[in-house]
Each structure stands twice: as C-alpha cells, then as structure tokens.
1. For the peptides 77-86, 127-136, 222-231, what is the packing order when you average, over each peptide's residues, the other Cβ atoms within 10 Å and list the highest mean first?
2. Taking K and R as +1 and D and E as -1, what net charge do the other residues with C-beta under 15 Å from the C-beta of GLU189 add up to?
3. How long is the gain from SER113 to TRP176 if the chain were fully straight, where each residue apart is worth 0.36 nm and the alpha carbon distance is subtracted?
4. Could you compute the net charge surrounding ILE265? Neighbours are other residues with a C-beta less than 13 Å from the C-beta of ILE265; K and R count +1, D and E count -1.
5. Within 10 Å, count the other beta carbons around each residue, average over each peptide in 240-253, 46-59, and list them highest first.
6. Of the listed peptides 87-100, 177-190, what is their order by residue-averaged count of other C-beta atoms within 10 Å, with the highest listed first?
Amino acid sequence: MSSDSRTPPATAEPPWKRGVTGLLYPGTATPAHPAPITWTRQRSAWVMMAGIPATLFFSEVWNRSFSLFNDSTGLHLPLPPTLLRFDVTPIGEAKRVVFLMLLAVLVLVCLHSIGGRQAMGLDERTTPRDHIAAFGYYLRLVCPAAIIGFIVVRAAELAWPSLQPWTGAQAVWPGWLETLRSIGSGFCEEVIATVLICVILEHVRRRGGRTWVGSGIGAVLVVAVHLSYHLHYGLRALVLVIPVYLTVLCWRHTRSLPGIVLGHIAYNLMADLNVNALLALVAFVVVGSLLDNRWWRHRGWKHTHTGPAATNTASGGAL
C-alpha cells in the first residue's frame, strides 16, 4: 500500500461556510489580479491624460454637490472651479450629464491604452458568466445594502426632526431627465470614481510587494471619493459606505465593469420610479440570487482568468 493511500482526505468545507463565502465573494473567493503592468513613459503619459477628464469630472460634481450642501445647511463651503457653466434647467442639466459621460468615455480610452482592458474585464478572459455574476451580486447585495441604509436614515429623520436640515437636498427634474441622469451617474461614477482609481492603485506597490488595493487602502480611498461628491445627501451620504465597499469587492473578484455599471443603473432607475422600498429590496434579492446563484446553491464559480492574471499573487490580501 502506498503512502498516498494512508493520507487522510481533506475535511470538506461545511455547506453553511460555502454559502457565507459565496454570499460575500462573487465569482471567486480569491481576487483575480491582472498581469503586472510595466510602467513605460507612454503608459505614464496615458495615466496623466486620464487625469485630465477625471479632474474635470470631479470639479464639476464637487461644485454641484457643495452648492446644494450650502443651500440646505446655510454653510459656505468654497466651490471648486469648473470648466463649463451649465444652466440649472432641464436642457442645461441634460448637457451637463452628456458632458460627464463624454469625460468617462475619454477615461475608458486612456485605461485601454494603459493596459487596463484586462483589468476592467473587457478582454476575452472575462466570460459572459462573469458579467452575469457581477450584475447579480450587485443586485442581491449592494442594492439591498443601500436600501436598508436609506430606510434607517429615514427612520432617524422621523424620530429626530432636528436632523432633517442635515439629511440632504436634491433638485427635482422631469422623468426623462431623471432617467438620463440615472444612466449617466451609473456609468460615470463606476468608470471614474471606482475603476480608474482601483486600476491605478492596483499597480502601485507598497513595501512588501502588496498594492494599495490589495492592502485595503484602495477601498477606503474609493469610499472617501464617493462620499466627497455626495455631500448634498447630508447624513444620507454615510449610507454609501457599505455599498461602495461592496462594489470594490465585486469588481476585484469578477473584473466586470459592465456588470457593475448595469447594477448601478438598475438601482438608480428603481429610485427614480419611487418603488416601495421593501418591494424593491425583495425584487433585488430574488433577481440577483437567480443571476448569481453560487451562494445559495453552494456551487463555486471557476473564474476564467488564466496565466499571469491568475498566478500573480503579489497584490493579494483581503480588502
């Protein structure tokens, strides 16, 4: 009898643990790291070029957010300068949304030239099932987290009326414009405020070989960036902490930018329709669980990333 036959079999992971792992980690329990990028002068130039539309994006959204925050609270935060001035009218707001979407497209072009096509999940290594998993994960976990958070804040408003001046102010727009804004914000925010930051930080090494994203600092930075241009939400902005963190987690494990963008747009459209919160919560969980059924069927998803993307562990580590 060989020595191999005397080796006790590995203990199987209990079903409940596999379920919890699948609930929190989409696609794979180990982040799919992109192949290391060799920073050349050309790629560094593309990073700086990506910074131009990103800067224009943040200056515009910061200006609008700070302005609404000042109006609702009576404070006087300094407003960042903006390149263009858009009228506070439906047509002016539509032009503003289209302008921000064009900036996001320019960022995508720069990311592609940097070598971020693989990092964004837009190459042949990411299958349609990866995108479905990311979309389902966003629906079943990120959207419910946001809904529950806003329910808690609303309850706090009713319990303590003195908080209402600090719970945010938003402009009201026609239905067609709200739909355009929902699509634009879902696209622009995930491209610029989430993926661009993560792609760059994922290739910036710290001591010990880990990256800023692999150490978890990247997720904290992305959360802080999202909060910075949602100041007009007031205390409601704190609701975004968990959803944004889960979005970074979803992107790292699925490498699916399209799935995340579609999930964000779906949530925005639900909010525009003023759907009952509990009904929306159940719908998101059910549909998301059907699209990404790994966590409740206890079946693992074998990620399709191979080669350097799968073997590079320098940037590993939990978020």
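1. For the peptides 77-86, 127-136, 222-231, the packing ranking is 127-136, 222-231, 77-86.
2. Around GLU189, the charge tally is +1.
3. Result: 19.2 nm gained on full extension.
4. -3
5. Highest to lowest by the protection proxy: 240-253, 46-59.
6. 177-190, 87-100
Just so you know, all these numbers are worked out from the coordinates, no wet-lab data involved. Remember, predicted model here, so these are calculated numbers, not experimental data. Cβ sites come from the backbone with ideal geometry, for glycine too, and all protein chains shown count toward neighbours.
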